Structures are given as structure tokens and as C-alpha cells.
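Please read the structure below before turning to the comments.
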Amino acid sequence: DPGTSKSQLLGYVHKLSPRGVYTSGKGSSAVGLTASVVRDPETRELVMESGALVLSDLGICCIDEFDKMSGTTRAILHEAMEQQTVSIAKAGIIATLNARTSILASANPVESRYNPSLSVVENIQLPPTLLSRFDLIYLILDAPNVDNDRMLGQHLVGLYYETPNVVEPPLDHGLLRDYIAYARENIHPELSDLASRELISAYIEMRRGGSGGNGGRGRTISATPRQLESLIRLSESLARMRFSRVVTRTDVREAVRLMKVATQAAATDPRTGRIDMDMITTGRSTLERELEENLGASLKELLIERRGNRM
């Protein structure tokens, strides 16, 4: 929803990251994200200048107003998010650049406010092929709450005092930044046998959650191999936060919990209440596909019955 401090969150994450780029979707172009070929003013030779994704290699790229991006610009992100590279072929320069970056993006709903009766794809109007590449999808909704509203009001009013009356963070900004930089550079956790078995069983359980039920038995997909890769990345990052070089079962369970409260909550079909990853991967739920198939079959039967007769 608008006014939920999405831009503030992205800006703070950008400041915390040892290496990163902050950009806005409205002011970004395809070459601005990848790379551009320009002529050097002194030597008059063609040179290549890196874009936001390449500059944030081994860091984070924060993209605000993600829904305002043009279709051409968003298409560039497919390769970067899947292959972690950016390929360019312009003016005789053919190169493949590393873009091993995490992407943190925020988007507003089409109707300015999130509609719970519609799916995430219908609310945000982003291509399903791009939306399915994100590990976690959080819905930040502006729900009225007296306690939270009072705390937010006190904080905002306190900023305008002669001596700002704000709550100090529990951890110093510089210390947290150094902590993250050290963990990213020196801690590279590996999966233990117990964690591997826990990952496989969690993935099977997530897949099983979409099968069964009335109508379309076994056809609803609640998890795909991309979700398994996301669980592995989340488990490793949780272990890295603890400066642990081994991923434990506790890390895997926390990664599964994050997946359930984030991405799978966004993939819940508002009509049936069931988790259906097809809503994110294809933009249509299993129920919608079945209704279209049933409608098509009924129309064919009607046309066969009425063959040669006036409708």
C-alpha cells in the first residue's frame, strides 16, 4: 500500500550494504541497468560503461517504483536474476558481464491500494516470469492498528522537535554495516547432511500441500524447483548471519517459515484459499484454467448439438 515507508526501507538497506546501487524504476532504462557503449571524448574510441546491475556485483541493487518500469527495461532483469550475468552485443563489442547481485524491489498496486480479492499478479501487473524469480514476496499492507499508529505518530512528530525525540536503534549503523560486510566476505556455509534431508522433506511437504482436494486433484502446484533453490539460499544466509560455516536444521526450518509467511501467502488464491504457485509463475490460478477448459468443452458440445441448426 502507499505510505508504508517502502522507499525508506530500500534506502536504509542500500546504506547498510557494503556495495550497492539505488535506482528508481521510472528513471531507469535498459542500458542504465546493464551497460552502454559510448564514444570516449578524448580517444574517440568506443568504450563500455557499466550499469546499475553490473556495478552492484556481489552487492545489492535496490529498485524503487518497480511497477513504473517499461517492459523493455524489466526484460533485462530476466537474465540477471536467473543466470547472474548480463550479456551485451553493441557496436562490435560482445561481452558477458557478472551481475551476481541481490535485487530488492518495491512496487505499488495498480489501483493505488492492494485489493485482497485479487491475486498478486493482478494487483501489481508484473510479468509472472519475472515475479517468480524473487525468493520472497512480502505484502506490506496499511492496516489500521491503534498501537502501531500511535508509535508511528510519536516518531514522526518527534522528528520536528528542536532536539529530535527518536528511538535509537539497538545496534550502531557502522557496526551493523561492518558485520554484514565481514559475513559476506569471510563466511561461506555448507549444507550438513541433516540440513539436506530437512530441505528435501520440506520441499516434498510443500509439493504435497498442493495436491488433493476436490476438483483438479493433484494439479495445483504449491512449490516448484525455484522454491527449493530459494530455500537453500535462505538457509545459507541464515547460517551466515550467525557466523556459522555449517547450515543446520534450525536454519532450514526458519527458511521454510519465511517462505510460508511471505511467498506462499502471496500465492494464496483468494477464491479458494489454497496455495497455488501457478498464480505467480503463470499469472493464472488452477481454478481459472479449469473454468476456461470447462467453458470451452461446454461450447464445443453445444456447437456439436446445434450443428446445422440456427442458434
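The values are calculated or read from the model by the stated rules, or taken from the named source; none is laboratory data. Please read all numbers here as calculations on a predicted model, not as lab measurements. A quick note on method: Cβ atoms are made from the backbone with ideal geometry, for glycine too, and the neighbour counts reach across all protein chains shown. Keep in mind that these areas ignore ligands, DNA and RNA; they rest on the heavy atoms of the full protein, side chains included. Shrake-Rupley method; radii C 1.70, N 1.55, O 1.52, S 1.80 Å.
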Checklist entry - From the residues Ala95, Pro225, Val37, which one has its Cα farthest along the dipole of the chain in the positive direction, the dipole being from +1 and -1 charges on Cβ of Lys/Arg and Asp/Glu about the Cα centre? => result Pro225
Item to check | DSSP beta bridges in the chain [antiparallel fraction, %, rounded to 5] | outcome: 50
Next on the checklist: Can you pull out the GluC sites (Glu not before Pro) in the stretch 23-119 whose DSSP state is coil and whose Cβ has at most 11 other Cβ atoms within 10 Å?
Outcome noted: Glu42, Glu45, Glu111
Checklist entry - How would you classify the stretch 65-223 from its alpha-carbon gyration tensor, with a ≥ b ≥ c the square roots of the eigenvalues: rounded for a/c under 1.5, else prolate if a/b is greater than b/c, otherwise oblate? => result rounded
Checklist outcome for this item: So the compactness index of the stretch 1-45, its C-alpha Rg divided by 2.2 N^0.38 Å, takes the value 1.70
Checklist entry - Working out 0.36 nm times the residue gap between Gln125 and Ser244, then minus their Cα-Cα distance, what length gain in nm do you get to one decimal? => result 38.9 nm
Checklist entry - So what is the accessible area of the chain per residue, in Å², with the probe set to 1.4 Å? => result 60
Checklist outcome for this item: Expressed in square angstrom to the nearest 10, the accessible area of Leu228 with a 1.4 Å probe stands at 50
Checklist entry - What distance in nm separates the simple spin-label points at Asp178 and Arg257, each placed 7 Å from Cα in the Cβ direction? => result 3.0
Item to check | 0 to 90° range, to nearest 10: angle between helix 6-16 axis and the chain longest Cα axis | outcome: 40
Next on the checklist: Suppose a student asked you for the relative contact order of the stretch 1-133, using Cα pairs under 8 Å spaced at least 6 residues apart; what percent would you report?
Outcome noted: 26
Checklist entry - Tell me, what is the percent relative contact order of the chain, built from C-alpha pairs under 8 Å that lie six or more residues apart? => result 16
Item to check | Added length on full extension, which subtracts the Cα-Cα distance from 0.36 nm per residue, Lys300 to Val146 | outcome: 49.9 nm
Item to check | Accessible-area value, Tyr138, 1.4 Å probe, nucleic acids and ligands omitted, Å² | outcome: 120
Next on the checklist: For a bin width of 5 Å, list the pair-distance distribution of the stretch 28-91 built from all Cα-Cα distances, rounded to whole %.
Outcome noted: 4, 16, 26, 24, 15, 8, 6, 1
Item to check | FRET efficiency for Ile93 and Glu205, using Cβ-Cβ distance with R0 set to 41 Å, rounded to 0.05 | outcome: 0.25
Next on the checklist: For the chain, take every pair of Cα atoms, bin their distances at 10 Å starting from 0, and report each bin as a whole percent.
Outcome noted: 5, 19, 28, 26, 13, 6, 2, 1, 0
Next on the checklist: Apply the a/c threshold of 1.5 to the C-alpha gyration tensor of the stretch 157-209 and tell me whether it is rounded, prolate or oblate.
Outcome noted: oblate
Checklist entry - Hey, with R₀ at 30 Å, roughly what FRET efficiency would Leu46 and His78 work out to, going by the Cβ-Cβ distance, to 0.05? => result 0.70
Checklist entry - At a 1.4 Å probe radius, carbon and sulfur cover how many percent of the accessible area of the chain? => result 54
Checklist outcome for this item: Row for the stretch 71-146, column shape: gyration tensor on C-alpha, a ≥ b ≥ c, rounded if a/c < 1.5 i.e. under 1.5, prolate if a/b over b/c, else oblate; value prolate
Next on the checklist: Between helix 146-158 and the chain, what is the angle of the helix's C-alpha long axis to the longest principal axis, kept within 0 to 90° and rounded to the nearest 10?
Outcome noted: 30
Item to check | Cβ charges +1 (Lys, Arg) and -1 (Asp, Glu), total dipole of the chain, debye | outcome: 860
Next on the checklist: Just to verify a number: FRET efficiency for Asp1 and Gln154, C-beta to C-beta distance, R0 = 22 Å, to 0.05?
Outcome noted: 0.55
Checklist entry - Nearest 10 degrees, 0 to 90: what angle lies between the long axis of helix 225-241 and the longest principal axis of the chain (Cα atoms)? => result 30
Item to check | Normalised contact order of the stretch 84-178, rounded percent, pairs of Cα under 8 Å and 6 or more residues apart | outcome: 12
Checklist entry - Given the alpha-carbon gyration tensor of the stretch 1-158, what are the semi-axes of its equivalent ellipsoid in whole angstrom, ordered largest first, with each equal to the square root of 5 times an eigenvalue? => result 34, 18, 13
